[in-house]
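Report on one structure; see the data block that follows.
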Amino acid sequence: MTNATKANPAELAREFHDRCNANGWTYSASGDIITIIKRFTPGDREAYVECDMFAYDILSIAPLKGGSVWGTNGGSIGGYTGLTGGYYKLNKSGSGGKRFIAELAKLKIARN
């Protein structure tokens, strides 16, 4: 269920949280920015490409509007940095996600 208009913030947060956990991603949220990170062996191109294909799918769950997406994706020098450093990090900013981010914080606290 990745359609933000058909789910409440708690349902979306649970989906986001579960997808991250099931696929080895960690996340953080602060203000109007959500960050996801996955680590792999430095230089592992296959792992990097897998991250590059999957990260946008995870972030599409977050109901943030009007912002941008940036990080170590394949479209910039950040991709090289992530590949050689062994991590993939993607951020999404935007408005309208305060309740979603609050629900994510509850899930993260419950997990720890």
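Condition (residue is of a type in the set (A, V, I, L, M, F, W, C), under 17 Å from Ser93 (Cα atoms) and free of Cβ contacts under 8 Å to residues at least 60 places away in the same chain) applied to the stretch 32-50: is it met by at least one residue?
So the first thing to find is which residues in the stretch 32-50 are of a type in the set (A, V, I, L, M, F, W, C), and the list is 33-34, 36-37, 40, 47, 49.
After this cut, where a residue has to be under 17 Å from Ser93 (Cα atoms) as well, the list is 33-34, 36-37.
Next cut, free of Cβ contacts under 8 Å to residues at least 60 places away in the same chain only: 36-37.
Within the stretch 32-50, one or more residues are of a type in the set (A, V, I, L, M, F, W, C), under 17 Å from Ser93 (Cα atoms) and free of Cβ contacts under 8 Å to residues at least 60 places away in the same chain.
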Worksheet entry | Which listed residue, of Lys92, Lys38, Lys106, is more than 16 Å from the chain's Cα centre (by Cα), of a type in the set (Lys, Arg) and under 25 Å from Ala7 (Cβ atoms) | Lys106
Item to complete: Output the qualifying pairs, or none if there are none: Cβ atoms under 8 angstrom, residues six or more apart or on different chains, first residue in the stretch 8-26 and more than 13 Å from Leu107 (Cβ to Cβ), second residue aromatic (Phe, Trp, Tyr).
Response: Asn23/Phe54
Practice prompt. Would you check which residues across the stretch 56-77 are at pLDDT 90 or above and either within 27 Å of Pro42 (Cα to Cα) or touching a Cys at 6+ places or on another chain (Cβ under 9 Å) (or both) and list them?
Written response: Tyr56, Asp57, Ile58, Leu59, Ser60, Ser68, Val69, Trp70, Gly71, Thr72
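Which one is surrounded by the most Cβ atoms within 10 Å (Cβ to Cβ) among residues in the stretch 19-69 that are among the charged types (D, E, K, R) and touching a helix residue (DSSP H, G or I) at 6+ places or on another chain (Cβ under 6 Å)? Spell out how you get there, then give the answer.
Taking the stretch 19-69 and keeping what is among the charged types (D, E, K, R), we get 19, 32, 38-39, 44-46, 50, 52, 57, 65.
Restricting the remaining residues to those that are touching a helix residue (DSSP H, G or I) at 6+ places or on another chain (Cβ under 6 Å) gives 19, 38.
Numbers: Arg19: 17, Lys38: 23.
My answer is Lys38.
Kindly indicate whether any position in the stretch 70-80 is within 18 Å of Lys98 (Cα to Cα) and surrounded by 14 or more Cβ atoms within 10 Å (Cβ to Cβ).
Kept after step one, since they are within 18 Å of Lys98 (Cα to Cα), are these residues of the stretch 70-80: none.
The answer is no, given that none of the residues of the stretch 70-80 is within 18 Å of Lys98 (Cα to Cα) and surrounded by 14 or more Cβ atoms within 10 Å (Cβ to Cβ).
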Item to complete: Find the strands (runs of 3 or more DSSP E) located wholly in the stretch 20-112 whose residues include 3 or more that are more than 20 Å from Pro9 (Cα to Cα) and either of a type outside the set (Phe, Trp, Tyr) or in contact with a His (Cβ under 6 Å, 6 or more places away or on another chain) (or both), and list them.
Response: 33-39
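The values are calculated or read from the model by the stated rules, or taken from the named source; none is laboratory data. None of the values given here were measured: they were computed from a predicted structure. Glycine also receives a Cβ, built like all others from the backbone with ideal geometry; neighbour counts cover every protein chain displayed.
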